[in-house]
1. To the nearest Å, what is the center-to-center distance of segment 1-50 and segment 80-134, using C-alpha atoms only?
2. Would you list which lysines come within 23 Å of Lys45, measuring only between C-alpha atoms, while excluding same-chain residues fewer than 8 positions from it?
3. Relative to the present Cα-Cα distance, how much length would full extension add between Val14 and Asn34 at 0.36 nm per residue of separation?
4. Defining a contact as two alpha carbons under 8 Å apart and six or more residues distant in sequence, what relative contact order in percent does segment 3-129 show?
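Just so it is clear, none of the values below were taken in a lab; they were calculated from the coordinates. Keep in mind it's a predicted model, so treat the numbers as computed, not measured.
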Amino acid sequence: MDWARRIELVTVVVAALVAVVGLWYSNIQTRQANEQAREDRSLAKEGQTTGRYTAAVGNLGEDKMDVRLGGVYALQRIMQDSHRDQPTITNVLATYIRTHTAKPPAKSQDIPADVHAALTVLATRDSTRDGPSAGTGGAGRGGGGPAPGQAPLPVAGVRARRAALPRPAAASDGRQGDSPG
């Protein structure tokens, strides 16, 4: 084999090695870019869930019944979409029920529609996704427990899909106790 052939062979081998190294490096760069894109999508989804949660909780404090109902059902949807937020949402709804049923409705009144909806959401949730602090317990949950002087609402592990709950009061703009009775 003459020198020209040897030089040509070495050139082809070096070019092949450069191509293999280039493909390997390109593969690493693509994997890193894909991982970064996954992290960015995850952060965007978390931010969107946080925004939806904040808006839904804000709706619970509104005066109009339909807005409060929207807040309850928005929390239900978030609870279905974000399993890790279910314990927090369960605590929020349990607290909402406790604070809006501090005094029972008069005999001729049904429970308000928003409270009925919150009870239904809690009763029909997938309780297998409840965390150890979900439901109603007590201390150590950052304010998730009952207010002083109130008993905890025992909803953890409740399965009431066929429970006969009282019919909700007709949706109105007032809160419980606002209508004459």
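1. Each part reduced to its Cα centre gives a spacing of 52 Å.
2. Within the straight-line cut-off, Lys45 pairs with nothing.
3. Once the chain is fully extended between Val14 and Asn34, it gains 4.2 nm.
4. 19
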